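K.L.:
Quick one: structure below, then a few questions.
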Amino acid sequence: MTTFSKGISHIAVAVGLTVLTLPGAFAQDLPVDSRDARGMLFDRKGGQVVVLEQDFLTEAQVAQLAAMGGAIPYYGAVAMAPDEGMLSETNQAAANHHSIAAAETAALAACNTARSGGQRCVIVLHFLPNAYESGRALELSQSATEEFRTFRRGRGEKAFAISPSTGSFASETGAGAESTAIAACNAGADGANVTATDCYTVIVN
C-alpha cells in the first residue's frame, strides 16, 4: 500500500448511489452533540491518497493513480476492472461519502455494472482525510464536514442528518429540527441531486 498526501482542490466525481446497511456497530453511539462531534471529525481541509497496489498495476500506473490527488473529496474510492486497463470507461470512482466502506461499495457497484466481462472490479485507490484512523463513531464526508463548521455555531434546537448510502446530508435549526433534517436529507438537500430513504440524525443539540 502506497500513501500520498495531497490537498483537495475541486470535486470531479459524483456521489455514488449504492444502498448500504446502517453502520450498526456504532449506530447505538449516535446521535452526539456538537461538542462531541467536533472532537470526532477529521480536518475539513485536504486529504490523503492511498494507492492499493494490485498485481495488475505497474509502478508507472501506481504513480499515475497517486497523481489523482486533488480530484476527489473524501471519503472516495476508485474501482478498476483488472482486464480492461487504466483508460477504460469501466473504471469508476465514488466520492463525498460518509465512510470509506460506502465509497468502496458505490465504486465497485458502478464498475461491475459497466464492465463487459472478465474479472470483477477491485478497489485501487482511497481518498481519506488527513491523519485518518478507522473506528470513530461519527464520520462525515468532506462537504458535510465543511457544513458542520456553520452548523456548530448555531444556537438553540438543531440537528444534522446523513444518508450512509448516498452521501446526502442536511442540517436544520429550530423547532422540530430532527424530523426536518431527516426529511431534507432524504430529499437530497445538500445539492447532490439524489434522493435517499435511509437518512438519520448523527448530531443533535
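The values are calculated or read from the model by the stated rules, or taken from the named source; none is laboratory data. Being a predicted model, the structure only gives us computed values, none of them experimental. Neighbour counts run over all protein chains shown; Cβ positions are idealised from the backbone, glycine included.
K.L.:
Kindly establish whether Leu87 is touching a strand residue (DSSP E or B) at 6+ places or on another chain (Cβ under 6 Å) and surrounded by fewer than 18 Cβ atoms within 10 Å (Cβ to Cβ).
P.N.:
Details: touching a strand residue (DSSP E or B) at 6+ places or on another chain (Cβ under 6 Å): no; surrounded by fewer than 18 Cβ atoms within 10 Å (Cβ to Cβ): yes.
The answer is no for Leu87.
K.L.:
In addition: Would you check if there is a residue in segment 136-148 being free of Cβ contacts under 8 Å to residues at least 60 places away in the same chain and either farther than 15 Å from Phe42 by Cβ or charged (D, E, K, R) (or both)? So that I can check it myself, show each step before the final result.
P.N.:
First, the residues of segment 136-148 that are free of Cβ contacts under 8 Å to residues at least 60 places away in the same chain: 144, 147.
Those still in the list that are either farther than 15 Å from Phe42 by Cβ or charged (D, E, K, R) (or both) too: 147.
Yes, the conditions are met somewhere in segment 136-148.
K.L.:
A follow-up question, please. Taking segment 91-108 only, how many residues are at pLDDT 95 or above and either of a type in the set (Phe, Trp, Tyr) or over 15 Å from the mean Cα position of the chain (by Cα) (or both)?
P.N.:
Looking only at that region, the number is 0.
K.L.:
So, one more: Taking segment 133-142 as the region of interest, how many residues are of a type outside the set (D, E, K, R) and modelled with pLDDT of 95 or more? If you could, list the steps in order and put the result at the bottom.
P.N.:
Looking only at segment 133-142, we keep the residues that are of a type outside the set (D, E, K, R), and these are 134-135, 137-138, 140-142.
Going one step further and asking which of them are modelled with pLDDT of 95 or more, we end up with 138, 140-142.
The total comes to 4.
K.L.:
Every residue in segment 69-84 that is farther than 20 Å from Arg136 by Cβ, touching a strand residue (DSSP E or B) at 6+ places or on another chain (Cβ under 9 Å) and either at pLDDT 90 or above or basic (Lys, Arg) (or both), please.
P.N.:
Hits for segment 69-84 are Val78, Ala79, Met80, Ala81, Pro82.
K.L.:
Considering only residues that are part of a loop (DSSP other than H, G, I, E, B) and hydrophobic (A, V, I, L, M, F, W, C), look in segment 147-205 and name the one that is surrounded by the most Cβ atoms within 10 Å (Cβ to Cβ). So that I can check it myself, show each step before the final result.
P.N.:
Applying the first criterion (part of a loop (DSSP other than H, G, I, E, B)) to segment 147-205 yields 152-157, 163-168, 174-176, 187-199, 205.
Next, only the ones that are hydrophobic (A, V, I, L, M, F, W, C) stay: 175, 187, 189, 192, 194, 196, 199.
Numbers: Ala175: 9, Ala187: 14, Ala189: 18, Ala192: 20, Val194: 18, Ala196: 22, Cys199: 25.
In this case the residue turns out to be Cys199.
K.L.:
Still on this structure, I have one more. Suppose the filter is in contact with a strand residue (DSSP E or B) (Cβ under 6 Å, 6 or more places away or on another chain), without any contact (Cβ under 8 Å) to a residue 40 or more places away in the chain and of a type outside the set (Ser, Thr, Tyr); does Ala170 pass it?
P.N.:
Working: in contact with a strand residue (DSSP E or B) (Cβ under 6 Å, 6 or more places away or on another chain): yes; without any contact (Cβ under 8 Å) to a residue 40 or more places away in the chain: yes; of a type outside the set (Ser, Thr, Tyr): yes.
Here the answer is yes, as Ala170 does meet what is asked.
K.L.:
Then there's this: Mind listing whichever residues of segment 53-93 are in contact (Cβ under 8 Å) with a residue 40 or more places away in the chain, within 22 Å of Gly117 (Cβ to Cβ) and outside any loop (DSSP other than H, G, I, E, B)?
P.N.:
Those that are in contact (Cβ under 8 Å) with a residue 40 or more places away in the chain, within 22 Å of Gly117 (Cβ to Cβ) and outside any loop (DSSP other than H, G, I, E, B): Val78, Ala79, Met80, Ala93.
K.L.:
Going by what's in this entry, would Ala37 be described as modelled with pLDDT of 90 or more and touching a Cys at 6+ places or on another chain (Cβ under 6 Å)?
P.N.:
For Ala37, the condition - modelled with pLDDT of 90 or more and touching a Cys at 6+ places or on another chain (Cβ under 6 Å) - is not met.
K.L.:
Which ones in segment 121-146 are surrounded by 12 or more Cβ atoms within 10 Å (Cβ to Cβ), out of contact with any Asp or Glu (no Cβ under 7 Å at 6 or more places or on another chain) and part of a loop (DSSP other than H, G, I, E, B)?
P.N.:
Cys121, Tyr132, Arg136, Leu138, Glu139, Leu140, Ser141
K.L.:
OK, next. Out of all the residues in segment 29-44, which are out of contact with any helix residue (DSSP H, G or I) (no Cβ under 9 Å at 6 or more places or on another chain) and assigned to a loop (DSSP other than H, G, I, E, B)? Working first, answer last.
P.N.:
To start, the set of residues in segment 29-44 that are out of contact with any helix residue (DSSP H, G or I) (no Cβ under 9 Å at 6 or more places or on another chain) comprises 29-30, 33, 35-36, 39-40.
Across segment 29-44, the qualifying residues are Asp29, Leu30, Asp33.
K.L.:
Shifting gears a bit: For the structure I just gave you, tell me whether Ala184 is farther than 22 Å from Val78 by Cβ and either more than 18 Å from the chain's Cα centre (by Cα) or modelled with pLDDT under 95 (or both).
P.N.:
It is true that Ala184 is farther than 22 Å from Val78 by Cβ and either more than 18 Å from the chain's Cα centre (by Cα) or modelled with pLDDT under 95 (or both).
K.L.:
Next question. Answer with yes or no whether Asp29 is at pLDDT 50 or above, acidic (Asp, Glu) and surrounded by 14 or more Cβ atoms within 10 Å (Cβ to Cβ).
P.N.:
Yes, satisfied.
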